[in-house]
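The values are calculated or read from the model by the stated rules, or taken from the named source; none is laboratory data. Just so it is clear, the model here is predicted, and its values are computed rather than measured. As a convention, Cβ positions derive from the backbone with ideal geometry for all residues, glycine included, and neighbour counts pool all protein chains shown.
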């Protein structure tokens, strides 16, 4: 049902941006699956396959004999053509019948979610179509895929909200269960067990989800190690889950009180207030049409005004099938982000807002998810309003 | 340890085939991971990264700040260079220092396991190196990757044997537990539960592993449905597991006796004998240097001699990280297999030998795994010598 909705969305997008058809060409997707397959197939194929969506609304799949019956049963395609020895002929036939003036294929310099066609498969596709006018009509499917993947349907938003609510609940369980002497690895195992019990998946690499820092350690150590949590430390978790195929991505911050303390040290409180201010600044700006780099820059200027260094990453990325969902970002105009910070924000996209401030006690941070509405944005779940204080029996 | 062995194997292969260096260029690998990452990193990266193996033995990684510490800790690379805004400069610097005459990059028309570089990433890489002589020195890494992935180390062979032994054990448990009235979906769920209990993964798509046929139904329905098993039917499972990162892929065949029967019908027995003959024919031919299509053709001629139709796929594929492991195959000279059937078989490759014969009672088949030795090949686990007969309380 969801895939049918996304395919219909693709037809509308083709008409909106004036591209005649969208062609996904894949093979043996268990090894490496073109991310577009989430929306055109929703399953693996074993043999080479073509999925074509035309702006007339017609949808045609060419699949190997071994994949044929499942695609017929899916009802997603008007025609499911099958082959045994080669898909070259049915593909040429299909393009001749439709004679599209532009053919969007899955490559993109900046958007990993729209870059599923490998160089070898591109060469193979060109080989199949040698002597036809069609290779000259190839265009990047980036504008198609970024819209189809970015603009969440009500059902996608419902799934993401459910994932975020469950993530907050799991943060709450950790808060109740965490014990003195636990290492970061213990916390990681605790969260992994919780994920297994609840049958939810990870939102990025298993080892690095949750990402955990405690005390004065460098950011960006993906795999939590044997460092024990300690009173006087700031503990920060970056955690996301995948539920019904859609992800959450949230960060929350705790302070572990020392004997006699009732609040966190002033530096920690001050950093948390600036994190809140930065995220609120971004949320107030985020709406359809704004450019991502401007939102990122506004938050950097908050940091500069308070005398903190800037973060070495983007303020926000889109969330969906994975925590990092590709497409436009709220990020600085650095080479590695390419054109992604220059793309206007659209309604129904879901972004994170996230950064941390390093203090001598640990990284103070927050990461929230927001969905873009007609005139602004809404938090997917309540942001953290105050530091969470932990007191261990003293 | 295994990755270090594979990287050292890559250095030896570069020297063997006369390529100066092997360059893997990736980004955000959770979305879609270049299959070469299994051997050059063994983990995800979040930011763009380069992994370079030089024929001198020197190994250099360029990774984003967020991935840096984990790669330093891995000890796999002589140098781990890090960056925040762009990897263009450290990459150009590295190539200038080494000035390689040939640079293998991950694209291949025929081998999915060697085709991890997307078209967008290729364009990005060329952009980074514009104005340098290096893009002209690009060659396909197919000959590197197919050797590194295909030639299993003793540790890889040990893991695959363990997976195959466990798969046979699971077939045995099914034989003991299967009940009258079970549907193919029930069998699938039984095997999935067994996989979960034992903590092993699937060797191809979850829904289609095991693939199951029973009675007179078409082959190639990936997802087992609500068809009940019945006395008088042949039941066939195509099943593989992933254990410690390496896969098995085996097929076994049962016959469900009807009341009063003590053996399968003659057509079924005859088909099973020809399946055995075909597989033994292939095993007798398989040795280093033989071309895959000749082994496949010899089995087709066995089928023709007995008056059976030929199978619509290759006789055998390599097994390893996945059930379908890429590289050379034992298959017919059909367009869709490209050059893969023309590549000489090598020592320490693991192939399947598999085909089925359709009878009015169901598909009779067998799939075995063989490892290529110095002068021939060996079964990884015992092949099925006779049909397995099931009798339900009558």
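What to note about this one:
- Residue in the stretch B:134-141 that is in contact with a helix residue (DSSP H, G or I) (Cβ under 9 Å, 6 or more places away or on another chain), closer than 26 Å to residue A:35 by Cα and in contact (Cβ under 8 Å) with a residue 24 or more places away in the chain present: yes
- Residues that are more than 29 Å from residue B:313 (Cα to Cα) and touching a helix residue (DSSP H, G or I) at 6+ places or on another chain (Cβ under 7 Å), drawn from the stretch A:63-114: A:100, A:101, A:102, A:103, A:104, A:107, A:108, A:109, A:110, A:111, A:113, A:114
- Which numbered condition residue A:159 misses (of (1) buried (at least 16 other Cβ atoms within 10 Å of the Cβ); (2) within 14 Å of chain B (Cβ to nearest Cβ)): (2)
- Odd one out for residue A:173, checked against (1) more than 17 Å from the chain's Cα centre (by Cα); (2) modelled with pLDDT of 95 or more; (3) in a loop (DSSP other than H, G, I, E, B): (3)
- Among the residues of the stretch B:300-343, the one identified as assigned to a loop (DSSP other than H, G, I, E, B), out of contact with any helix residue (DSSP H, G or I) (no Cβ under 9 Å at 6 or more places or on another chain) and more than 12 Å from chain A (Cβ to nearest Cβ) is B:307.
- Meets criteria (within 18 Å of the chain's Cα centre (by Cα), closer than 26 Å to residue A:28 by Cβ and either outside the structural domain of residue B:156 (by TED's automatic domain parsing) or free of Cβ contacts under 8 Å to residues at least 40 places away in the same chain (or both)) for residue B:329: yes
- The residues listed here are B:18, B:57; of these, the one that is more than 8 Å from chain A (Cβ to nearest Cβ), surrounded by fewer than 21 Cβ atoms within 10 Å (Cβ to Cβ), modelled with pLDDT of 95 or more and touching a helix residue (DSSP H, G or I) at 6+ places or on another chain (Cβ under 7 Å) is B:57.
- Within the stretch B:272-312, being modelled with pLDDT under 95 and under 11 Å from residue B:330 (Cβ atoms) holds for no residue.
- Residue that is farthest from the other protein chains (Cβ to nearest Cβ) [pool: residues in the stretch A:21-32 that are under 23 Å from the mean Cα position of the chain (by Cα) and modelled with pLDDT under 95]: A:29
- Checked against the criteria, residue A:40 counts as more than 10 Å from chain B (Cβ to nearest Cβ) and buried (at least 22 other Cβ atoms within 10 Å of the Cβ).
- Scanning the stretch A:189-223 for residues that are buried (at least 20 other Cβ atoms within 10 Å of the Cβ), within 14 Å of chain B (Cβ to nearest Cβ) and farther than 19 Å from residue B:68 by Cα yields A:202, A:203.
- The residue list A:142, A:136 contains one member that is surrounded by fewer than 24 Cβ atoms within 10 Å (Cβ to Cβ), over 16 Å from the mean Cα position of the chain (by Cα) and modelled with pLDDT of 95 or more, which is A:136.
- Of all residues assigned to the stretch A:64-80, none qualifies as being facing another protein chain (nearest Cβ under 10 Å), without any contact (Cβ under 8 Å) to a residue 40 or more places away in the chain, crowded, with 21+ Cβ neighbours inside 10 Å and under 29 Å from residue A:337 (Cα atoms).
- Residue B:148 vs. criteria within 14 Å of another protein chain (Cβ to nearest Cβ) and either closer than 28 Å to residue A:106 by Cβ or in a helix (DSSP H, G or I) (or both): no
- Apart from one condition, residue A:127 fits all of (1) under 30 Å from residue B:106 (Cβ atoms); (2) in a helix (DSSP H, G or I); (3) touching a strand residue (DSSP E or B) at 6+ places or on another chain (Cβ under 9 Å); the exception is (3).
- Test result for residue B:110, under 20 Å from residue B:138 (Cβ atoms) and touching a residue at least 60 places away in the same chain (Cβ under 8 Å): yes
- When A:274, A:371, A:364 are checked against the criterion of being within 18 Å of the chain's Cα centre (by Cα) and either surrounded by 18 or more Cβ atoms within 10 Å (Cβ to Cβ) or more than 22 Å from residue A:163 (Cα to Cα) (or both), a single residue qualifies: A:371.
- Number of residues in the stretch A:84-94 that are more than 8 Å from chain B (Cβ to nearest Cβ) and surrounded by 20 or more Cβ atoms within 10 Å (Cβ to Cβ) equals 2.
- Boolean, residue A:118 is touching a residue at least 24 places away in the same chain (Cβ under 8 Å), surrounded by fewer than 20 Cβ atoms within 10 Å (Cβ to Cβ) and farther than 17 Å from residue B:334 by Cβ: no
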